[in-house]
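In what follows, a single structure is set out as structure tokens and then discussed.
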Amino acid sequence: MRCPFCGWNRCEVSDTRHIEDSSIIKRRRACSRCKKRFTTYERVEIPALTVTKSDGKRESFDLEKLRKGIRMACLKRPVSEDTVEKIISEIEMELHDYIMEVPSKTIGEMVLKRLKKIDEVAYVRFASIYRKFDSINTFLKELRKLKRRK
């Protein structure tokens, strides 16, 4: 592992933890040259998967795109990085059930289901982009649904 600060290729692992209910391993590392500490996440890589968009276009599944979307929804919310990584890991594991192709709608629903459980604001943020809310009334309708379920 290379140090992200000085580029030295010798870093020591000071702590290893499994993120609960996921296939992710979180490691705390320290560079043996500059002594700076950093965290890495290790995960099982899923085979190449194609995502079918609502307009019929196909593209490769992009884990970073998924991570970015979830992080944007959780921005300035009390949702830890570990929680975001756990959501991603759970979705990744669920995607193992799909062979070669998965509808983007399926992935979006997986994210919404998890965000709804952990943070309602993050859920509404993600839903507004995923479901293409086009007016205040659409927002209000979703908020009313959310409020009724409570």
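Here VAL84 meets each of (1) free of Cβ contacts under 8 Å to residues at least 24 places away in the same chain; (2) part of a strand (DSSP E or B) with one exception, condition (2). Can you work out which of the residues in segment 18-51 that are of a type outside the set (A, V, I, L, M, F, W, C), in contact with a helix residue (DSSP H, G or I) (Cβ under 9 Å, 6 or more places away or on another chain) and assigned to a strand (DSSP E or B) is surrounded by the most Cβ atoms within 10 Å (Cβ to Cβ)? Across segment 18-51, the extreme among qualifying residues is LYS26.
Picking from residues in segment 94-115 that are within 14 Å of the chain's Cα centre (by Cα) and charged (D, E, K, R), the one that is surrounded by the most Cβ atoms within 10 Å (Cβ to Cβ) is ARG114. Against the test of being among the aromatic types (Phe, Trp, Tyr) and in the same structural domain as SER128 (by TED's automatic domain parsing), the options PHE5, PHE61 yield a single qualifying residue, PHE61.
Selection of segment 52-65 for residues being surrounded by 14 or more Cβ atoms within 10 Å (Cβ to Cβ) and assigned to a loop (DSSP other than H, G, I, E, B) yields only PHE61.
The values are calculated or read from the model by the stated rules, or taken from the named source; none is laboratory data. Source: prediction; values computed, not measured. Here Cβ is always computed from backbone atoms with ideal geometry, including for glycine, and neighbour counts include all displayed protein chains.
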